[in-house]
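Student: Dropping a structure here in structure tokens format, bear with me for questions.
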Amino acid sequence: MARAPSLTATYEAAPNIALVKYWGVRDRARAIPYNSSISVTLDRLRSRTTVRFDPALKDDEVELNGEAATGGPRTSVVRFLDRVRELAHVTYAAQVRSENNFPTASGLASSASGFAALAGAATSALGLDLSGRQLSQLARFGSGSAARSVFGGFVEWRAGVHSDGSDCYARPLYGPDHWPALVDVVLIVRAAPVKTVRSEDAMQATVATSPTYRRRLSELPARIRKIRAAIGARDARHLFPLVMEECDSFREVCETTRPSLDYLTTTTRALLAEVRSINREAGRPVAAYTHDAGAHLHVFTLARDAPKVRRRLGNVPGVERTSILHPGPGGRRIA
Ligand code: PMV
């Protein structure tokens, strides 16, 4: 006889940084993106989420970083729980407690880790026992990038071709130990603007108005193939220029969106220029920058170059803090 689910579970998941960006949804109801994307799940940072379903509760209670969530953030969690309840054929309300071990305001994507952890905790609590693939298919409804945070290391989220989304899921390409020398120097910049438009709306504005979006889509399959191969071969010489080309393409479609989406500060732009100078002076791609829809910068480099790169970029005026991260593990149940 199947054991009755305990109705409570705790799950941890980490943020990821995209090397190939997800930006644009082909089918909003099914959360199917226009293009596949590739990311690195990061170590040390995590969201830890406990979900307790309780037949005696009247309404969902959502607490994020010690405070009761309200408005948009609460609504997103409740909608996500609704989806899980439907899957499990239950109607119980839930108590959700989620905490990040990094400041949410730091601009490091907490929606990816948060929704990957919520997907894991809520489904485990109801005894759904989903596979990684199924979890990633579910997590994307909370936040697209959460589909990738289900797995550790290097991850590809395939857009798929089926209109029902059945082949739209993330899969691990290489585990966190695949490339120990690869380092992510994270640069937190001062006075990073707070996002006024949610990413899920911003990306649809790009789809509708950027004159270069279609060209970006047509370039992506070849870029994805090359990036996948360079990761597989641990080939920084090929990977780093491709990562920057992709970031520049993402930034271009944002900037040509009407009204324009400008996520960077003067400091971020100075950092991009500094990375280009470092590479020019060395006569080889020492480092590769990438950013999401925000002003903070991730700079990939190899361990032997990391101290120098960190020092040089850390001296750019307006940098508040630098930290060193590596590829890390995927989501897991801890209680
Ligand atoms: O997962 P969302 O809906 O927050 O969108 C993420 C979009 C980017 O971070 C800019 C790119 C990506 O693939 O993570």
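The values are calculated or read from the model by the stated rules, or taken from the named source; none is laboratory data. The structure presented is a predicted model; accordingly, all values stated were derived computationally and were not measured. As a convention, Cβ positions derive from the backbone with ideal geometry for all residues, glycine included, and neighbour counts pool all protein chains shown. Areas reflect the complete protein model, heavy atoms only, side chains present, ligands, DNA and RNA absent. Shrake-Rupley method; radii C 1.70, N 1.55, O 1.52, S 1.80 Å.
Student: In the stretch 19-78, what trypsin sites (Lys or Arg not before Pro) fall in a loop by DSSP, with at most 10 other Cβ atoms inside 10 Å?
Tutor: Arg28, Lys58
Student: Next question. Between the stretch 145-208 and the stretch 51-116, how far is it from one alpha carbon centroid to the other, in angstrom?
Tutor: With the stretch 145-208 and the stretch 51-116 each reduced to a Cα centre, they are spaced 20 Å.
Student: Tell me, what % of the accessible area of the stretch 193-335 is carbon and sulfur with a 1.4 angstrom probe?
Tutor: Ligands and nucleic acids excluded, carbon and sulfur give 54 percent.
Student: Enter the accessible area per residue of the chain (Å², integer; probe 1.4 Å; all protein chains in place).
Tutor: Value for the chain: 45 Å² per residue.
Student: Taking the Cα centre of the stretch 1-72 as origin, work out the dipole magnitude from +1 charges on Lys and Arg Cβ and -1 charges on Asp and Glu Cβ, in debye rounded to 20.
Tutor: Charge dipole, the stretch 1-72, about its Cα centre: 380 debye, nearest 20.
Student: Which whole-number percent is the relative contact order of the chain (Cα, under 8 Å, 6+ apart)?
Tutor: 25 percent
Student: In whole Hz, what ³J(HN,Hα) sequence does the stretch 191-208 give by Karplus (6.51, -1.76, 1.60; θ = phi - 60°), x for Gly and Pro?
Tutor: These are the phi-based 3J(HN,Hα) values: 6, 5, x, 7, 4, 9, 10, 5, 3, 5, 7, 4, 5, 6, 5, 4, 4, 7 Hz.
Student: Once the other residues with Cβ under 11 Å from the Cβ of Gln204 are scored (Lys, Arg +1; Asp, Glu -1), what is the net sum?
Tutor: Here the count lands on +1.
Student: Just how many % of Cα pairs in the stretch 145-285 lie over 27 Å apart, if you round to the nearest whole percent?
Tutor: Roughly 32 percent, once rounded to a whole number.
Student: Please report the spacing between the Cα centers of the stretch 1-35 and the stretch 283-317 in Å, no decimals.
Tutor: 29 Å
Student: Amide H to amide H, which residues 5 or more places from Asp43 or on other chains are under 5 Å from it, using H placed in the peptide plane?
Tutor: His326, Gly328
Student: Answer with one residue from Thr265, Val84, Phe102: the one whose Cα lies farthest towards the positive end of the charge dipole of the chain, charges on Cβ with Lys, Arg +1 and Asp, Glu -1.
Tutor: Thr265
Student: Report the semi-axes of the equivalent ellipsoid for the stretch 205-303 in whole Å, largest first, where each axis is √(5λ) for an eigenvalue λ of the Cα gyration tensor.
Tutor: Taking √(5λ) for each eigenvalue gives 24, 18, 10 Å, largest first.
Student: How far is it, in nm, from the label point at Leu87 to the one at Ala270 when both lie 7 Å from their Cα along the line to the Cβ?
Tutor: My value for the distance between the label points is 4.6 nm.
Student: Still on this structure, I have one more. Per residue of the stretch 25-42, in order, report the coupling 6.51 cos²θ - 1.76 cosθ + 1.60 (Karplus, θ = phi - 60°) as ³J(HN,Hα) in whole Hz, putting x for Gly and Pro.
Tutor: The phi angles translate into 10, 7, 9, 5, 5, 9, 6, 9, x, 5, 10, 6, 9, 10, 9, 10, 7, 9 Hz.
Student: Would you mind calculating the relative contact order of the stretch 201-279 from Cα pairs under 8 angstrom and at least 6 residues apart, reporting the percent as a whole number?
Tutor: Once divided by the residue count of the stretch 201-279, the mean separation gives 40 percent.
Student: Still on this structure, I have one more. I'd like the per residue volume of the convex hull spanned by the Cα atoms of the chain, given in cubic angstrom.
Tutor: Per-residue hull volume (Cα only) is 134 Å³.
Student: Using the Cα atoms as the points, what is the convex hull volume per residue of the stretch 1-150 in Å³?
Tutor: Dividing the Cα hull volume of the stretch 1-150 by its residues yields 118 Å³.
Student: What's the extension gain from Arg214 to Asp167 if we count 0.36 nm per residue and subtract their Cα-Cα distance?
Tutor: Stretched out fully, the Arg214 to Asp167 stretch lengthens by 14.7 nm.
Student: Roughly how many debye, to the nearest 20, is the charge dipole of the stretch 148-233 about its Cα centre, given +1 on each Lys and Arg Cβ, -1 on each Asp and Glu Cβ, and no other charges?
Tutor: 320 debye
Student: Moving to a separate point now. What FRET efficiency comes out for Glu255 versus Ser277 if R0 is 35 angstrom and r is the Cβ-Cβ distance? Round to the nearest 0.05.
Tutor: 0.95
Student: Residue by residue through the stretch 139-144, which ³J(HN,Hα) values in whole Hz follow from phi under the Karplus form 6.51 cos²θ - 1.76 cosθ + 1.60 (θ = phi - 60°), with glycine and proline marked x?
Tutor: Coupling constants for the stretch 139-144: 4, 5, 6, x, 7, x Hz.
Student: Report the charge-dipole magnitude of the chain in Debye, nearest 20, computed about the Cα centre from +1 at each Lys and Arg Cβ and -1 at each Asp and Glu Cβ.
Tutor: The dipole magnitude comes to about 740 debye.
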